[in-house]
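The block underneath contains the structure these notes are about, expressed in structure tokens.
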Amino acid sequence: MDSKLIFSLPIEKKIGQLFFVGIAGSQYDDETRKLLDEISPGGVCLFTRNIREAEQTRNLLDQISDSLEVLPFLSIDQEGGLVDRLRRVITPMPSANSLKDVQDVRNLAEISAEVLQILGFNMNFAPVVDVIDENRGKESNGIFSRNFGNSKEEVTEFAEEYLNVLQNGGIIGCLKHFPGLGASQVDSHEELPSVNIAENELNEVDLFPYREILKGGNVHAVMVAHAAFPGADLQETDQNGKLLPSSLSFKFINKLLRGNLGFNGLVLTDDLEMGAILKNYGIGEACKMAILAGEDMLSVCADQNRIYEGYNAVLKAVESGEITEARIDESINRIALLKEKISNKIAFDSARLQFLSDEIDKLNKKISYSYGG
């Protein structure tokens, strides 16, 4: 992609680049065309509702990409196990937690990368690097089997291998959910988790994978969780005195992630339509707060009315001076740099997809035989 193009966009389209949106259906219909024309989003994420069959998925992604002036990130949450958006088109993939050695992780990442490329994706919101040990695993926090390993060391080793292999295969990865949901006791899809751990536990356990994997210099994107950490010195409160979610926190994003951990890549929110955000802030206000906090991209993935509301709120904030154009350009620069890394498309190949589907089946059988999973 020619990065100069993105910098020459009018401010309305630059703001569109900050949005990672979902679409309603499985076809490039009039509603989808209108949304993409009016918002010009920087990224589109597909979900199970959008995926019916392999060739339909590839056609949809090609049409989305061809309709946008700037090459979009085309992403998915393809983790395997409970979060497997592709189970209609390929053999269901094993969960991250079922993988017990690096070779299995490597195999899953290689298969995932090639499947996603054939289908037309260029990004995957994975791996999960939340740390869940035996004690933390007792909580119902929405993570369940989505994490690698059972210790901070295993999470780091497995997730780094997955990330490197995935990206070597042409798919940009994304570490999540910063700064860590492993110790949360509720699901942020429902309400704002208050992660009641001490500062030293956050630093020594939850931030360990980020600190170690970032050293490799191969992390291009980090997704920030909707969670509060009352035991952390960085925890902020909003104007009403409520604990501020990490996804809307200047201190967590700029002081911790960008400052202390030295990450200079793309930072994006988890879906802002989750209960943790909507129950406390309107979508428009949340979008403004996220940009002011330092997020580069805003995920609004379900309700198209909320996408428009969030976009218009940020546009009005820029027009009024509440958000400066310089702040927008900071994120545009990071978006452009990462879009330069998007791999060229490969041809759709149904026979190869069937082969890869069979390879997933072999991996599933190996895991089941070896570990009783």
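For Leu261, state whether it is surrounded by 15 or more Cβ atoms within 10 Å (Cβ to Cβ), under 25 Å from Pro209 (Cβ atoms) and of a type in the set (A, V, I, L, M).
Yes.
Would you check which residues across the range 283-300 are in a helix (DSSP H, G or I) and either surrounded by 18 or more Cβ atoms within 10 Å (Cβ to Cβ) or hydrophobic (A, V, I, L, M, F, W, C) (or both) and list them?
Across the range 283-300, the qualifying residues are Ile283, Gly284, Ala286, Cys287, Lys288, Met289, Ala290, Ile291, Leu292, Ala293.
Identify, please: which residue in the range 107-135 is closer than 30 Å to Phe348 by Cβ, within 20 Å of the chain's Cα centre (by Cα) and not hydrophobic (A, V, I, L, M, F, W, C) and is, among those, surrounded by the fewest Cβ atoms within 10 Å (Cβ to Cβ)?
Ranking the qualifying residues of the range 107-135, first place goes to Glu110.
Take the range 301-327 and flag every residue that is surrounded by 19 or more Cβ atoms within 10 Å (Cβ to Cβ) and part of a helix (DSSP H, G or I).
Within the range 301-327, Arg306, Ile307, Gly310, Tyr311, Ala313, Val314, Ala317, Val318 meet the criteria.
Take the residues of the range 237-254 that are over 21 Å from the mean Cα position of the chain (by Cα) and surrounded by 15 or more Cβ atoms within 10 Å (Cβ to Cβ): which is farthest from His177 (Cα to Cα)?
Only one residue fits best here, namely Asp238.
Looking at Ile277, Ile360, Ile346, can you tell me which residue is of a type in the set (Val, Ile, Thr), surrounded by fewer than 15 Cβ atoms within 10 Å (Cβ to Cβ) and touching a residue at least 12 places away in the same chain (Cβ under 8 Å)?
Ile346
Looking only at helices (runs of 4 or more DSSP H) that lie completely in the range 1-83, which have at least 2 residues being of a type in the set (D, E, K, R)?
In the range 1-83, the matching helices (runs of 4 or more DSSP H) lie at 11-17, 30-39, 54-67.
Ile342 passes all but one of (1) in a helix (DSSP H, G or I); (2) within 16 Å of Ile171 (Cα to Cα); which number fails?
Unmet for Ile342, out of (1) in a helix (DSSP H, G or I); (2) within 16 Å of Ile171 (Cα to Cα): (1).
Every number here is computed from the coordinates shown, using simple stated rules; none is lab data. Since this is a predicted model, take the numbers as computed values, not measurements. Quick reminder, even Gly has a Cβ in these numbers, built from the backbone with ideal geometry, and neighbours come from all protein chains shown.
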